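The values are calculated or read from the model by the stated rules, or taken from the named source; none is laboratory data. Nothing here was measured: the structure is a model prediction, and the numbers come from that model. Because the Cβ atoms are built from the backbone with ideal geometry, glycine has one as well, and the counts that use them run over all protein chains shown. Note: areas computed on protein heavy atoms with side chains; ligands, DNA, RNA excluded. Shrake-Rupley method; radii C 1.70, N 1.55, O 1.52, S 1.80 Å.
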Amino acid sequence: MKTASFSMENLCVPCACRCGHCLLEYDGHTIGAGYERGKDLARRIAAESPVEFVYYIGFCMDTPRLFDHIAFCQEIGSPGGRFLQMNGFRERPYDEIKGLMERIKSSGVELIDLTFYGHPEYHDAFAGRPGDFRLLTEMLKAANRARLPVNISAPITEDNAGQLQSLLNILSAYKTDSISLYLPHAKGRGRFLEEKRLRKATLEGLPALVRARMPKVKIQSEALWLAENEFPEPEKRHLTLSLTPDHFERYNKMSAEEMIGELETLDDAFYATIPPAVELARLYGDPSGDRLFRYRDLVLLWIKRYVHEKEIKLHDMTDERGHFSVRQ
């Protein structure tokens, strides 16, 4: 298994939301190792890493150190110097939002992303706080004013599919670089959305304007994935180390290659307990399933079921609340 990249997460910035699909299951408590020492460690590891290195902070990016972080990511070549996910920011007056967007633009950031969940009332409930829809539209307006490119993303489920035409109509009043829909996966609180996963008939009944925003990767029903009877195994992995106060000092003494080696050992041990995808399909596949998946997310769901049923106690490398990997 080839390791294609190595990331370090330092979840030291709180988030103002409690979104219904949060893959980190944010509960109001940060778990990172602290901004400054995390940055110092990341600078050393960026210089040592034998593979592409990515560093990121926060459950959210709403921190007084935001512009220092942007400059640091530009220094080490991490994507956070060019792209910002802007969900979960605290409420602030519109004049302050305008100033924030102008400064983000002048800092060299090339694109921001805002995530909408549906109608304002539904959006606020899903995001876990009142006024979030209004805040995002004010951010979008201010970004337009600052000529800062904006991508809009939106999850699509059985619950909100019927709202997306009117959401797109609302967003049409603004300039956006792109608007794309995505299917939530089974990580974090996303596991509670599986019964609301978009179904084939629902997608087929949506307006063409909505269907045109679906992901460009192959998406089809579980039944069709099974009928194709092709279950390729991943060939590479992307590893992430999660910094916490409990183990920071140990990692601070390790080289990049030692960190990668430890993650590879954890990843190999976890996946050694998991049957190949063809066997998972036999165990859990529903030949009549009409819910829609990317292939990778369907296999992830089967893996989650296997880990739960077999009560596997090894570190779960699919859980992004700690060290994790993405295999593809």
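Looking only at segment 188-219, which residues are open to solvent by less than 60 Å² (accessible area, probe 1.4 Å), assigned to a loop (DSSP other than H, G, I, E, B) and touching a strand residue (DSSP E or B) at 6+ places or on another chain (Cβ under 9 Å)?
L198, M214, P215, I219
Quick check on this structure: which one of E311, E228, E235, E222 is among the acidic types (D, E), more than 18 Å from F6 (Cα to Cα) and touching a residue at least 12 places away in the same chain (Cβ under 8 Å)?
Working: E311 fails: touching a residue at least 12 places away in the same chain (Cβ under 8 Å); E228 fails: touching a residue at least 12 places away in the same chain (Cβ under 8 Å); E235 fails: more than 18 Å from F6 (Cα to Cα).
Result of the check over E311, E228, E235, E222: E222.
Return the residue satisfying two criteria in turn: it lies in segment 1-54 and is assigned to a strand (DSSP E or B) and more than 16 Å from G80 (Cα to Cα), and of such residues it is most open to solvent (accessible area, probe 1.4 Å).
Filtering first and then ranking leaves K2.
Tell me, please, whether a residue that is in contact with a Leu (Cβ under 8 Å, 6 or more places away or on another chain) and of a type in the set (K, R) can be found in segment 97-105.
yes
Does P64 satisfy the criteria of being assigned to a loop (DSSP other than H, G, I, E, B), surrounded by fewer than 15 Cβ atoms within 10 Å (Cβ to Cβ) and not acidic (D, E)?
yes
For segment 294-309, check the following and say yes or no: at least one residue is open to solvent by 50 Å² or more (accessible area, probe 1.4 Å), within 20 Å of H185 (Cα to Cα) and of a type in the set (A, V, I, L, M).
Among the residues of segment 294-309, not one is open to solvent by 50 Å² or more (accessible area, probe 1.4 Å), within 20 Å of H185 (Cα to Cα) and of a type in the set (A, V, I, L, M), which makes the answer no.
Any idea which of L198, L193, L135 is in contact (Cβ under 8 Å) with a residue 40 or more places away in the chain and farther than 26 Å from R327 by Cα?
L135
Please go through segment 234-279 and pick out each residue that is surrounded by fewer than 18 Cβ atoms within 10 Å (Cβ to Cβ), among the hydrophobic types (A, V, I, L, M, F, W, C) and closer than 22 Å to D297 by Cα.
Result: A269, A272, V278.
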